[in-house]
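S.K.: To start, I am sharing the structure in question, which I have written as structure tokens.
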Amino acid sequence: MGSRQIRVGQLIAPFGPGSIYTDRSGVPHVVAGLDHWFMRWDHAVGKMLPSPDRAEFERFEPRLSELLRVNRFCTPPDFRFSAAGEPPPNAGLYIPALRFPRWYRHTRTGELRRFNLASARIERPSGGGRWQPVRFISVCAAGHLCEFPWKEWIGCQCAGDGNLSLTDRGGSELTSIRVECRACPVGSSGRGGRNLANTTVKPDVLEGERSAFQSAGITCPGERPWLGEGAVEAGCTQPLVGALINQTNIYFPRTISAITLPDLQIADDSVAALRVAIEQEPACIGIAKTLWRMGSTLGAIDLIKGDLERRGIVCDSDQLRAALASLFAASQAAMASGVATPGSPEGALLQFRRMEFNILRNEIDDSDHVADLRVVATSVPWDLSRWIGRVTLVERLREVRAFYGFDRLEQAGAPLASMPDSGMQQLFRTPPTQVEDYWLPAVEVFGEGIYVELREEEIQRWFVEHWEWLVNRIDANFLARMSGEYLILPPLAPADLAWASRYLLVHSFAHILINQLVYECGYSTASLRERLYVSADVDAPMAGLLIYTAAGDSEGTLGGLVQLGRPERLGAVVHRALSRASWCSADPVCSEHLGGRGARMVNLAACHACILLPETSCETVNSGLDRAVVVGTPDAREHGFMAALLEGAFALG
């Protein structure tokens, strides 16, 4: 896809395998599955061949590897032109895309014609007009992507696909679009045709509703065009639903990211440096990890030792054993000494975040073996010390963002539960048979950030003093919807008011701060991201947030965000942020308690005029927000967690 101008990062989201990408000429394509990646065109044999060496694209992130149960990741290849002379390494690698939908309509006659996925070029018709891709496809909640069932919808029994005609009168209703077969007998349903009314209505399965296709006896054929012709999963029982090719709910990428953490338990600097050296060349790590897990420790050591020696790195076997033990036990390695242990069980994703929480709140010195993470402790501005308990400056971080599948129509509630099998089956036509060959796409980015932690004692005091107001604002239905959103990382135990109010507080404050930082640091809103660390566990509570930016360049970013975290600047930034958030152009409606807002009905006082962010910036896609818990409402400011700061904010604003 070098000629289609898709950036490498976009192949993780929003244009990962199975997505529809429309190029600059208006032609839609489906991005091919992982079987087709790292291919190049060989002129000698006249077909695509796999790259002989893709080691330069391999990456390893131990915590992500453990969470997703795959041994390695590969970055999408950047397209390199092969000019005159010696070509660069891995020149001409493509991420192929296939023509989808296959159906095209003649702009002059309305005739429908079906082409192939691999059709590289469609010639202009000789009688004038041109072939234009149809706007309609069909999908199901099982992830299948199918052609619109034109013939089945009108009951056409004719052989072949050459007699269909589509009339589009350009109205706002689907009743203005009609398909018919000109070869069917006069008086038949196919000859009479049928409009597309109700075909795009998604049925409520829980209520026993049926889709228009189900009522017509049309089932999902299980097509997976991103894996090539004939890649069909038979026996799909999910209802088929019509959709537009640019409809937003036909593709929800499943992505997850991790910040690279050091092993703070390594006392020997040489072992730590050895671990970094191993991670820099991850080609053998997947096989070594499999050997290690199977009990063949010596086999893993010999394999990595041979790889290091080929690179001119001589090491002791005992040191190598310690480095591999640290690398393959990421959950134990990324632990700071003396951290609190939660008293209640936590989900895998919340445990994943707790590892970062335990590291980011402490200073990480600038040594060679922790070069991917530099954290500098700083003081909290005196006027914020009542509400903010800790601030650290993350001068450098490495983030690995991985893609492990996708959903259609609705996002899955627990997408990690079936990994790695679900990812392998969905993204590969022929899934790898050996565990060490499992891989997923990922991108590696570097950046900077500010970590802020709210003071626990003040959160507890605020919750007790304003409990009655919180009970009236966060009712049982809203709490149930919040706890049902897996992106919010709810606790395994039944969610309660203490957790919900804490989450709304931390998340809303993160959005309020980001909206102000974009005016101060020089980055756009879409360039900043958030990571939330929230838990109401009695023994080990969390109320932290990381606002960071990351770029694909290996040198990271320029430090403009970190500078704003220093005490002489952070205080004024927070005051101005609270002042802006205290009023919304949609007030008093925005601040009213209406039971829930947003696409998932899990927001309260939050709208696009105040604290909503671009979806790339918010880890929950703008869910779980209420600025009133931070700054109160126009008629009751005293209930806000930081309401006492508003007077000072107005003075500074």
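S.K.: Kindly establish whether GLN563 is at negative phi and free of Cβ contacts under 8 Å to residues at least 60 places away in the same chain.
M.R.: Yes: the conditions hold for GLN563.
S.K.: Then there is this: Could you look through region 567-619, keep only residues that are touching a Cys at 6+ places or on another chain (Cβ under 6 Å) and under 18 Å from SER524 (Cα atoms), and pick out the one that is least open to solvent (accessible area, probe 1.4 Å)?
M.R.: CYS610
S.K.: Filter region 190-221 for residues that are under 18 Å from GLY242 (Cβ atoms) and in a helix (DSSP H, G or I); which is modelled with the lowest pLDDT?
M.R.: Kept after step one, since they are under 18 Å from GLY242 (Cβ atoms), are these residues of region 190-221: 193-205, 209-221.
Restricting the remaining residues to those that are in a helix (DSSP H, G or I) gives 205, 212-215.
On the way: VAL205: 75, ALA212: 92, PHE213: 93, GLN214: 91, SER215: 91.
Checking each candidate, the answer is VAL205.
S.K.: Test PRO125 against the stated conditions and say whether it is under 30 Å from ILE177 (Cβ atoms), of a type outside the set (Phe, Trp, Tyr), open to solvent by 10 Å² or more (accessible area, probe 1.4 Å) and part of a loop (DSSP other than H, G, I, E, B).
M.R.: Judged against the criteria, PRO125 is a match.
S.K.: Just checking, does region 450-465 include any residue being more than 24 Å from HIS639 (Cα to Cα), charged (D, E, K, R) and open to solvent by less than 50 Å² (accessible area, probe 1.4 Å)?
M.R.: Checked against the condition, which is being more than 24 Å from HIS639 (Cα to Cα), charged (D, E, K, R) and open to solvent by less than 50 Å² (accessible area, probe 1.4 Å), region 450-465 yields no hits at all.
S.K.: Of all residues in region 82-117, how many are at pLDDT 85 or above and under 34 Å from the mean Cα position of the chain (by Cα)?
M.R.: The number of residues fulfilling the criteria is 14.
S.K.: Which members of region 190-209 meet the condition of being under 23 Å from GLU410 (Cα atoms) and either out of contact with any Pro (no Cβ under 9 Å at 6 or more places or on another chain) or open to solvent by less than 40 Å² (accessible area, probe 1.4 Å) (or both)?
M.R.: LEU196, ALA197, ASN198, THR199, THR200, VAL201, PRO203, ASP204, LEU206, GLU207, GLY208
S.K.: Further question on the same structure: Which condition number in (1) closer than 30 Å to PHE15 by Cβ; (2) open to solvent by 10 Å² or more (accessible area, probe 1.4 Å); (3) assigned to a helix (DSSP H, G or I) is the one that THR255 fails?
M.R.: (3)
S.K.: Take region 469-526 and flag every residue that is without any contact (Cβ under 8 Å) to a residue 24 or more places away in the chain, among the polar types (S, T, N, Q) and within 16 Å of LEU612 (Cβ to Cβ).
M.R.: SER524
S.K.: If I ask for residues that are surrounded by 22 or more Cβ atoms within 10 Å (Cβ to Cβ), more than 11 Å from ARG102 (Cα to Cα) and in contact with a Pro (Cβ under 8 Å, 6 or more places away or on another chain), which ones from region 137-159 would you list?
M.R.: Passing the criteria: SER138, CYS140, LEU145.
S.K.: Additional query: Keeping to region 66-122, report how many residues are under 17 Å from GLU56 (Cβ atoms) and surrounded by 14 or more Cβ atoms within 10 Å (Cβ to Cβ).
M.R.: 14
S.K.: Right, another one. Checking LEU298 against (1) modelled with pLDDT of 80 or more; (2) surrounded by 20 or more Cβ atoms within 10 Å (Cβ to Cβ); (3) in a helix (DSSP H, G or I); (4) not acidic (Asp, Glu): exactly one of these is not met. Which one?
M.R.: Exception for LEU298: condition (2).
S.K.: So which residues in region 160-189 are open to solvent by 50 Å² or more (accessible area, probe 1.4 Å) and closer than 19 Å to ALA243 by Cβ?
M.R.: ASP168, SER172, GLU173, THR175, ARG178
S.K.: Within region 596-613, track down each residue that is at pLDDT 90 or above, within 22 Å of TRP583 (Cβ to Cβ) and either in a loop (DSSP other than H, G, I, E, B) or among the hydrophobic types (A, V, I, L, M, F, W, C) (or both).
M.R.: Passing the criteria: LEU604, ALA605, ALA606, CYS607, HIS608, ALA609, CYS610, ILE611, LEU612, LEU613.
S.K.: Return the pair list, or none, for Cβ contacts closer than 6 Å from residues in region 174-197 that are free of Cβ contacts under 8 Å to residues at least 60 places away in the same chain to residues that are in a helix (DSSP H, G or I) and among the polar types (S, T, N, Q), at least 6 apart or on different chains.
M.R.: Final answer for the pair search is ASN195/THR175; ALA197/THR175.
S.K.: Here's another thing I want to ask about it. Name the helices (runs of 4 or more DSSP H) wholly within region 447-511 that hold at least 1 residues that are at positive phi?
M.R.: Answer list for region 447-511: none.
S.K.: I'm trying to understand the selection: among the residues of region 410-434, which are at pLDDT below 85, buried (at least 16 other Cβ atoms within 10 Å of the Cβ) and out of contact with any strand residue (DSSP E or B) (no Cβ under 6 Å at 6 or more places or on another chain)?
M.R.: Result: ALA412, single match.
S.K.: Also, quick follow-up: Can you pull out the residues in region 620-630 that are closer than 25 Å to SER527 by Cβ, hydrophobic (A, V, I, L, M, F, W, C) and either touching a Leu at 6+ places or on another chain (Cβ under 6 Å) or open to solvent by 10 Å² or more (accessible area, probe 1.4 Å) (or both)?
M.R.: VAL621, the sole residue that qualifies.
S.K.: List the pairs whose first member sits in region 143-158 and is within 21 Å of LEU409 (Cα to Cα) and charged (D, E, K, R), whose second member is modelled with pLDDT of 90 or more and crowded, with 18+ Cβ neighbours inside 10 Å, and whose Cβ atoms are under 8 Å apart, counting only residues at least 6 apart or on separate chains?
M.R.: GLU147/PRO101; GLU147/ARG102; GLU147/TRP103; GLU147/ILE137; GLU147/SER138; GLU147/GLU223
S.K.: Further question on the same structure: Among the candidates ARG396, ARG386, which residue alone is more than 17 Å from the chain's Cα centre (by Cα), open to solvent by less than 60 Å² (accessible area, probe 1.4 Å), over 19 Å from LEU532 (Cβ atoms) and of a type in the set (Lys, Arg)?
M.R.: Values: ARG386 fails: open to solvent by less than 60 Å² (accessible area, probe 1.4 Å).
ARG396 is the lone residue from the list that is more than 17 Å from the chain's Cα centre (by Cα), open to solvent by less than 60 Å² (accessible area, probe 1.4 Å), over 19 Å from LEU532 (Cβ atoms) and of a type in the set (Lys, Arg).
S.K.: Let me ask another. Could you grab me the full set of residues in region 512-524 that are part of a helix (DSSP H, G or I) and either at pLDDT 90 or above or not charged (D, E, K, R) (or both)?
M.R.: Across region 512-524, the qualifying residues are ILE512, LEU513, ILE514, ASN515, GLN516, LEU517, VAL518, TYR519, CYS521.
S.K.: Also: Tally the residues that are in contact (Cβ under 8 Å) with a residue 60 or more places away in the chain and either closer than 13 Å to LEU612 by Cβ or not β-branched (Val, Ile, Thr) (or both), restricting the search to region 572-602.
M.R.: Matching residues across region 572-602 total 15.
S.K.: Which one of these is open to solvent by less than 60 Å² (accessible area, probe 1.4 Å) and of a type in the set (Asp, Glu): ASP53, ASP35?
M.R.: Sole residue among the options that is open to solvent by less than 60 Å² (accessible area, probe 1.4 Å) and of a type in the set (Asp, Glu): ASP35.
S.K.: Only one of ALA340, ALA377, ALA371 is hydrophobic (A, V, I, L, M, F, W, C), at pLDDT below 90 and farther than 20 Å from PRO62 by Cβ; which?
M.R.: ALA340
The values are calculated or read from the model by the stated rules, or taken from the named source; none is laboratory data. Everything numeric here is computed off the predicted structure, so don't read it as measured data. Every residue, glycine among them, receives a Cβ derived from its backbone with ideal geometry; neighbour counts consider all protein chains shown. Side chains included, ligands, DNA and RNA excluded: accessible areas come from the protein's heavy atoms. Shrake-Rupley method; radii C 1.70, N 1.55, O 1.52, S 1.80 Å.
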